[in-house]
Structures are given as structure tokens and as C-alpha cells.
1. Top mean-square fluctuation among L129, L116, L144, Gaussian network model of the chain, C-alpha springs under 10 Å?
2. Taking amide H positions as placed 1.01 Å from N in the peptide plane, with prolines and chain starts having none, which residues 5 or more places from Y45, or on another chain, fall under 5 Å of its amide H?
3. Mean separation of Cα pairs under 8 Å and 6+ residues apart, divided by the residue count of region 57-151: what relative contact order is that in percent?
4. Modelling each spin label as a point 7 Å along the Cα-to-Cβ direction, I'd like the N85/H171 distance in nm, to one decimal.
5. Select from T131, T22, T107 the residue whose mean-square fluctuation is largest in a Gaussian network model of the chain (Cα-Cα springs shorter than 10 Å).
6. Summing +1 for each Lys or Arg and -1 for each Asp or Glu, what net charge is found among the other residues whose Cβ lies under 14 Å from the Cβ of N85?
7. Would you tally the net charge around Q164, using a Cβ to Cβ cut-off of less than 11 Å, leaving Q164 out, and scoring K and R as +1, D and E as -1?
8. So what is log10(I(q)/I(0)) for region 26-91 at q = 0.18, 0.26 1/Å, when the Debye sum runs over its Cα atoms only?
Amino acid sequence: GSVGLSPNGDTIRHTVKNFRFTDQYDNPYGSDSLKGRIYIASFFYTNSSDQYRKPAKNLSDVQERFRNDKDFRIIMLSTDPQRDNPDELLKYSQKNHLKSYQWHLLTAPKDSVFSLLGDNGYLLTRSDLVTDPDAQIHSNLFVLVDKEGHIRGKYNGTDENEAQRLVEDAH
């Protein structure tokens, strides 16, 4: 399980393994950049139009609530790195008005991205993932990670109440 007890009775919180990907500005971005920050991780790809609009909108609403928090970030990890090079990620971020310094859209080789879905990463299970008709995978869940790098919760990105709960948990 993700959260257990150490021999002295303390809760052991799950930590995401280190990673270093490339963001929409073609800069390296990863664990080092996220140290000491609260952040939300989400798995997406740029070519999905309708089904991703709602989570993306709810994520924008969350970001609005944190726009003055210098220690808050949102990372969106592409599950379609063949198509989603930094140029495509930048176009997507401009089209969806994800302009704040708080947003980082990340690309990396597929194996690296997919290794962050499971036990070494954001603890998403098969049932948390959506496989689209063209066999692309994304998740409607947002994962909240605290300043220590521990996972604090998963939230359904298509549900405004869940997005609201995320904001409360992050404060």
C-alpha cells in the first residue's frame, strides 16, 4: 500500500521517485524544481479535445485560487510524447491560457512518463486511467503532492466539488 506504518508507529507517506523531463519552453523540469512546493500532477495529451476540457477548466479554476502563491505549481505530463514535443505543449498552453509561471507541461520518453503512473510515481491504478478510442491514455484525476514530496490525495478533475476539496486540502 502507499501509506503504511514504520516500526515506530509513524505514518509512512508515499514519495514520488525523482524525474527530470522537458517542459513547454524546452527547459529541463522535474523533482528538483518541485522541491519545497505544493503541486498538482495530471496526465493528459494535447490531442484530446472534448473529454479533457472539463478537467482542464477545473485545473484552471484551482490555479486561479493559488495565483499569488509562489510555492504552488501544476504539472501536466503528456502520455503522447511522440506528438507532444515542447512546441506542441507550448501551443496547447497558449490555446488554453495556461500562461502563468505556475504551469509546466512536460514531455519525456513514454517509458519514463508511464513509470510515474504507478507505485514509483503518482499511484494511479488501471481503473484511474482512461483509454481513448485511439488508444491514448489519460487520467481525469489530479494528484496533490505536498512540500515534502508526499502524495496527499487524488481528486476527480471532472467534478467541481472535488476540485474545491483539492483547494481546501492544499491550503
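1. L129
2. Here the answer is T79, since their amide H atoms fall under 5 Å of that of Y45.
3. 23
4. 4.4
5. Looking only at T131, T22, T107, the biggest GNM fluctuation is shown by T131.
6. -3
7. That works out to -4.
8. Log-scaled intensity ratios, in q order: -0.79, -1.29.
The values are calculated or read from the model by the stated rules, or taken from the named source; none is laboratory data. Just so you know, these numbers come straight off a predicted model, no measurement behind them. Methodologically, a virtual Cβ is constructed for each residue, glycine included, from the backbone with ideal geometry; neighbour enumeration extends over all protein chains shown. Only protein heavy atoms, including side chains, enter the accessible area calculation; ligands, DNA and RNA are left aside. Shrake-Rupley method; radii C 1.70, N 1.55, O 1.52, S 1.80 Å.
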